[in-house]
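The values are calculated or read from the model by the stated rules, or taken from the named source; none is laboratory data. All figures in this text were calculated on a predicted structure; none of them were measured in a lab. Positions of Cβ are backbone-derived with ideal geometry, glycine not excepted, and every protein chain shown enters the neighbour counts.
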Amino acid sequence: MKWGIIATWEMALEGVIKVSNGLDKGMNSADAVEEAIKVVENNPKYRSVGYGGLPNEDCEVELDAAFMDGDTLSIGAVAGIRNFKNPISIARKLSIERFNCFLVGFGAEKYALANGFEEKNMLTKESIDIYEEKKKKIIEGSISPYEGHDTVGMVSLDMDGKMCVGTSTSGLFMKKKGRVGDSPIPGSGFYVDDNIGGAVATGLGEDIMKGCISYEIVRLMGEGHKPQEAAEKAVEKLNRELIKRRGKAGDISVVCMNNKGEWGIATNIDKFTFAVATADLNPTVYLARNEGGKTRMELVKE
Ligand code: ASP
């Protein structure tokens, strides 16, 4: 039986390894996505997701996360949530709500508290040190704000053919308080329909949103494109249009999988890592780069 999971950035590997054993034994894709993303959220070494995430301009960690079920098309999302350990679990729980399934800021925190989610101060000593150091450099003018980011996003397929996606991020480093990126926005940061497949994105949310790129990739797969073709087509088009109309394009990287377990990725940057595992492929990390408009891939770690 087919199963698979694909995720943005090398930081996802540990979680992918953990749940690939489960998927191979019949774990469902919703649990797989939630469990694997929690591994990243809980590790302070990963500075752009969950505990130890990148602070906003007020040195607060405000997190965005989303969960989508490709069978029911249910969506749950939180944005700008503070002081809760696992935003992905809150997003998943919200996805079963008929109303009020996307909550922001204080409303999201109130819901999380009422529903028994674990509270935690997500700011670490390391994040504060990085904040202080970068703030100094920004004032000196040697770096520009918004340079640090990275979202963990995952698409998973289980042996029953069910697909789910999830995202979790602290968004752009030094973002304005209340800023929300693409990651919790349906169609932009994520989309899945298990009649077709799913996609997730990472990069500059403000630009990713302009192309609703995750929905676009699923739409292209639905028209019959293979995942790799769909991912490249969507990234190339958005990158080209942004450059044509606005003079520049921010970072855009995507991973996707169809309901046969075939996968694809694309990027407009020169260093995008991702982790993937399927029934036929042990958990593996690849490095992807954009060379002259085409995405090239090389093996990093098996
Ligand atoms: N897309 C995220 C955001 O803009 C950041 C990232 O994926 O690097 O919030």
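Being touching a residue at least 24 places away in the same chain (Cβ under 8 Å) and of a type in the set (K, R) is the requirement here; does K175 meet it?
yes
I'm checking my understanding of the structure. Among residues of the stretch 138-167 that are within 14 Å of the ligand (Cβ to nearest atom) and assigned to a loop (DSSP other than H, G, I, E, B), which one is farthest from K93 (Cα to Cα)?
Checked the stretch 138-167; the qualifying residue farthest from K93 (Cα to Cα) is P145.
So G224 ticks every box in (1) more than 16 Å from the ligand (Cβ to nearest atom); (2) farther than 18 Å from V254 by Cβ; (3) touching a residue at least 12 places away in the same chain (Cβ under 8 Å) but one. Which box is left unticked?
Here G224 meets the rest and fails (3).
Counting just the residues of the stretch 123-137 that are hydrophobic (A, V, I, L, M, F, W, C) and assigned to a helix (DSSP H, G or I), which one comes out farthest from F84 (Cα to Cα)?
Among those residues, the one meeting the criterion is I130.
Taking the residues in the stretch 149-198 that are acidic (D, E) and within 12 Å of the chain's Cα centre (by Cα) as candidates, determine which candidate is modelled with the lowest pLDDT.
In this case the residue turns out to be D150.
Please go through the stretch 175-201 and give me each residue that is within 14 Å of the ligand (Cβ to nearest atom), part of a loop (DSSP other than H, G, I, E, B), in contact with a helix residue (DSSP H, G or I) (Cβ under 7 Å, 6 or more places away or on another chain) and not small (G, A, S), ordered by number.
Hits for the stretch 175-201 are D182, I185.
Just the residues that are among the charged types (D, E, K, R), at pLDDT 95 or above and more than 21 Å from F117 (Cβ to Cβ), please, taken from the stretch 19-45.
Selection gives D24, K25.
Take K120 and decide whether it is under 24 Å from V33 (Cβ atoms) and at pLDDT below 95.
Yes: the conditions hold for K120.
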